[in-house]
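Notes for the one structure printed next.
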Amino acid sequence: MAVSGSEKDIMILMIEDDLTLCELVGSFLEKKGYDFAHHNSYEGAIECARRVKPDLIIMDLHFPDGNGLHLCKLMKDDKDLTGIPILVLTTRDYPVEKEIALSSGVTDFFHKPMDYGLFADKIDEILGDSIEIIFWGVRGSTPCPGEEYTKYGGNSTCLQILIPGQKKLLILDAGSGIRALGNELLASGKPLNGRIFFTHAHWDHIQGFPFFKPLYVPDSRFDIHMPPQMEGNTKEVLLDQMSYTYFPVTSQMLQAKLEYHVQSHAQQQYEGYSIQYMSANHPVETAIYKITIGKKTIVFCPDNELSMANVDSNGEGDPFLRQFDEFVKDADVLIHDAQYDREEYEKKRNWGHSAWEVVVETAKKNNIRHVFLTHFDPDSTDEKLDQISEKLKEMVKDLGIHAELAKEGSHFKVPA
Ligand SMILES: [Zn+2]
Ligand SMILES: [Zn+2]
């Protein structure tokens, strides 16, 4: 392995047995301001990538000592490497091969012989793509239509995360906000394939599910994940709301291919990201999901009570809060329950929700860069949330973190 350094703070690793090509590409990229490292065999490539922690991997698919596609797959399934974009240099152009490569974790292809102008554009295109978060619903407890709710939005919780180079959808919770997401997806005309992670099965997080139109399209495929619940497995919990008494469309009418999973706490690898959860301080088993995409970490926690109510006997503070701090520490983005302000919270202790002030303090303590407050109380109109937003601006001025109230329909690009 050889490493060289430059000013952009973006590391590109080339895995390629042709040393001359490595040198040419390396000197080109260094002139462009990238850090560059190369490794010249299949053997040891994974270990090298773990050490170098690249932002992009450029590689060949043919090595004298191993198969490059196999290497891509190993990286995709590796918790430290999953999500790092892989650009393959190739002289071949067979659609079937490309299809297999894309499903093995390859992000894109570049055709040899090298045209360095086009090559620079391709690298900009891949690295320029950042992770994007879309808020489809930010309301807690129940959807709130009406003119007092047009600015922040009245739909209940639903979040989408877009991962560069990944076609498979990543959706969290299916409150009423998921309906608009479904409509947008159908309008795109693309085949729909993805995962929906539920934090828990309170109505405001599942009630949009029967209105998510991609579920009625035969070519769609979704994996549905939920932490274990007391009464019934993931499928039962979710589809019971579609029983005949409650809903005219029965679950037999869902035409998409659906697979149901009971999510465990342990970190799991999926397409371009890993996810793990800790249990929230909330009435039923509720997940606080931590999603890791390359070097970025996003924590999604729409229902959780951060309280100082339960100080343990050793006087060492609340064990839940200690665990929470450890879990969220250094996250790039925290999306957290902020149903109340401090005053309102005092009347609603042990209801399973937090005061926004405590969320911001906790985020600061844990070195979190970007905080989005969500799951607003149905009684929090635009006017009230605007007042909170002003107080929040005052509060974060000196804290050196970015915190804002999530708004339905807004997008946030996680900075590189
Ligand atoms: Zn909720
Ligand atoms: Zn809840």
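Tabulated data
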| item | result |
| --- | --- |
| Per-residue Cβ neighbour rank within 10 angstrom, fewest leading, 230, 278, 75 | 230, 278, 75 |
| 15 Å beta-carbon shell around residue 154, net charge (K/R +1, D/E -1) | -3 |
| Cα radius of gyration and Dmax for region 105-187 (Å) | 18.5, 60 |
| DSSP-defined beta bridges in region 2-128 - what % are antiparallel, rounded to 5 | 25 percent |
| Length added when fully stretched, residue 188-residue 219, from 0.36 nm per residue minus Cα-Cα | 9.8 nm |
| Approximate spin-label separation residue 391-residue 367, in nm, with each point projected 7 Å along Cα-to-Cβ | 3.0 nm |
| Proxy reagent accessibility, fewest Cβ within 10 Å first, across 195, 50 | 50, 195 |
| Where only alpha carbons of region 70-208 are counted, the Rg and the Dmax (Å) | 19.2, 60 |
| Cross-link partners of residue 32 among aspartates and glutamates (Cα-Cα below 12 Å; sequence separation of 8 or more within a chain) | 7, 9, 121, 124 |
| Ratio of Rg to Rh over region 132-413 (Cα coordinates, Kirkwood Rh, two decimals) | 0.95 |
| Using alpha-carbon coordinates, inclination of helix 319-328 to the longest axis of the chain, degrees | 40 degrees |
| DSSP beta bridge pairing in the chain, given as percent antiparallel to the nearest 5 | 40 percent |
| Virtual paramagnetic centre 7 Å along Cα→Cβ of residue 240, amide N under 18 Å, in region 179-217 | 198-210 |
| Per-pair calculated FRET efficiency, R0 = 22 Å: residue 268 and residue 329 via Cβ, rounded to 0.05 | 0.60 |
| Distance in nm between pseudo-label sites at residue 295 and residue 50 (7 Å out along the Cβ direction from Cα) | 1.9 nm |
| GNM flexibility winner over the chain from 303, 204, 124 (Cα, springs under 10 Å) | 124 |
| Under-5 Å amide H pairs with residue 170, H placed in peptide plane, nonlocal only | 161, 195 |
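Computed from the coordinates by the stated procedures, all read-outs in this text should not be read as laboratory data. Please read all numbers here as calculations on a predicted model, not as lab measurements. Note that we place each Cβ from the backbone using ideal geometry, even for glycine, and neighbour counts take in every protein chain shown.
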